[in-house]
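Comments concern the structure below.
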Amino acid sequence: MINWLLENRQEQKMTQSEIAKKSFITQAHYANIENGKRRPSPEVAKAIAEVLGFHWTRFYEEEKAANQAS
């Protein structure tokens, strides 16, 4: 689960469906991203980030840190 994404969505008082619609993806796709089952493409990451107000590269920061640690 991507806790920061869930927290951000809840702070914005938005549902998964609302974010998905505004990001032009399905609710199921968004749910898979939020649950950590799928990583968004850069295009989808940018769309979600625009809706929720953060920089899209945040989706990849944890992966980058993990790669640098190994």
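Observations on the model:
- As a proxy for reagent exposure, ranking 29, 55 by other Cβ atoms within 10 Å from fewest up yields 55, 29.
- Fewest neighbouring Cβ atoms within 10 Å first, the residues 13, 21 line up as 13, 21.
- Within the shell of other residues whose beta carbon sits under 15 angstrom from the beta carbon of residue 50, the net charge comes to +3, with Lys and Arg scored +1 and Asp and Glu -1.
- Across segment 35-41, rounded Karplus estimates of 3J(HN,Hα) from the backbone phi angles (6.51 cos²θ - 1.76 cosθ + 1.60, θ = phi - 60°) give 7, x, 7, 9, 9, x, 5 Hz, Gly and Pro being marked x.
- Across segment 42-56, coupling constants 3J(HN,Hα) worked out from phi with the 6.51/-1.76/1.60 Karplus curve, θ = phi - 60°, read x, 5, 5, 4, 5, 5, 5, 4, 5, 5, 9, x, 9, 7, 4 Hz, and Gly and Pro carry x.
- Value of Rg to Rh for segment 3-69, rounded to two decimals, is 0.96; Kirkwood radius and Rg both from alpha-carbon coordinates.
- Counting neighbouring beta carbons within 10 Å and listing from fewest to most, the residues 38, 9 come out as 38, 9.
- Axis angle, to the nearest 10 degrees, between helix 58-69 and the longest C-alpha principal axis of the chain: 20 degrees.
Computed from the coordinates by the stated procedures, all read-outs in this text should not be read as laboratory data. The structure displayed is predicted, hence computed values, not measured ones. Every residue, glycine as well, gets a Cβ built from its backbone with ideal geometry; the counts of neighbours run over all protein chains shown.
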